[in-house]
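Worksheet: the structure to be examined is printed underneath.
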Amino acid sequence: MASAPSMTTYLANAILGELLGAVPFTKPAVLYIGIATSVSAGGTVTGEPTIGSYGYYRVPIANPVSSTSVAVTSTNNSTSIGITGGTTTYPVGTVMVLSGTVPSGFSASTPYYVTGGSSSTVTLAASPGGAAITATSTVSSGCYLASVFGTAASAQIANGVALSYGQDTSTNWGTISMFFIADAATGGNVWFYNTATGNTTIVTGNTPYYASGGLIIGPMA
């Protein structure tokens with residue numbers, strides 16, 4: 001685990017401003033998980049693989065405001081999944097987790113990847129770039145987008161589902177020491193960072209992933 005804190009100065013200032021300084025802070029509907037050789041408390045990222053090359057991209061994750069803020073609906077024998085309450089067009093590759101009354105063909109607490117769509121409908125696959133899943137039941141209420149992360153405890157939180165990157169297609173990404181969470185697909189503000197675990201040398205043909213519980217954020221103090 002990285003030395004505490006794993007929250008960047010940017011996010012610490014934003015939270016302090018929201019809670020104590022009357023400066024509103026709205027979390028985005030999508031966050032992005034990147035990898036690098038080094039990340040500083042000031043949010044400087046060093047050694048990130050080239051975005052858009054060799055199969056690398058920051059993995060987008062749906063980031064609902066609450067457990068019932070984004071409703072999900074389905075129609076029997078359709079790949080179109082309705083999204084109500086979302087504030088953005090979710091990028092291709094966005095990880096979504098469903099909860100509640102989940103359409104047949106899908107499972108709760110399982111990562112799905114957006115393969116296309118808009119702010120009101122998406123298609124979902126079981127893996128990045130996979131075939132869109134067909135819902136085999138109609139669900140009009142009671143299904144929602146859930147957080148990719150579990151419940152915070154002991155001043156830390158971890159991902160509740162496995163997360164996968166695209167395949168390393170042509171050039172080795174190298175040895176990755178850190179992961180980070182940012183608010184943009186490129187550039188943007190880094191929120192959190194921590195050391196990567198497991199096999200961190202990414203060579204051509206690998207499909208890097210984080211197992212459930214592999215992304216640990218915290219402790220914060």
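The values are calculated or read from the model by the stated rules, or taken from the named source; none is laboratory data. Every value quoted in this text rests on a predicted model; they were computed, and no experiment measured them. FYI the Cβ positions are ideal-geometry reconstructions off the backbone, even for glycines, and counts take in every protein chain you see.
Yes or no: G42 assigned to a loop (DSSP other than H, G, I, E, B) and in contact with a helix residue (DSSP H, G or I) (Cβ under 6 Å, 6 or more places away or on another chain)? When the stated conditions are applied, G42 passes them.
Taking the listed residues S147, S140, the one that is crowded, with 16+ Cβ neighbours inside 10 Å and closer than 30 Å to V102 by Cα is S147, with no other qualifying.
Within segment 19-32, the set of residues being modelled with pLDDT of 95 or more and either in contact with a Lys or Arg (Cβ under 6 Å, 6 or more places away or on another chain) or among the charged types (D, E, K, R) (or both) comprises Y32 only. Here G187 passes the criteria (1) over 30 Å from T101 (Cα atoms); (2) in contact (Cβ under 8 Å) with a residue 24 or more places away in the chain; (3) out of contact with any helix residue (DSSP H, G or I) (no Cβ under 7 Å at 6 or more places or on another chain); (4) not polar (S, T, N, Q) except the one numbered (2).
Across segment 51-61, not a single residue is classified as part of a loop (DSSP other than H, G, I, E, B) and more than 28 Å from Q167 (Cα to Cα).
Could you tell me whether any residue of segment 177-192 is farther than 21 Å from A29 by Cβ and assigned by TED's automatic domain parsing to the domain that holds T26? Yes: segment 177-192 contains one or more residues that are farther than 21 Å from A29 by Cβ and assigned by TED's automatic domain parsing to the domain that holds T26. Scanning segment 150-178 for residues that are exposed (fewer than 14 other Cβ atoms within 10 Å of the Cβ) and under 16 Å from I217 (Cβ atoms) turns up T151, A152, A153, S154, A155.
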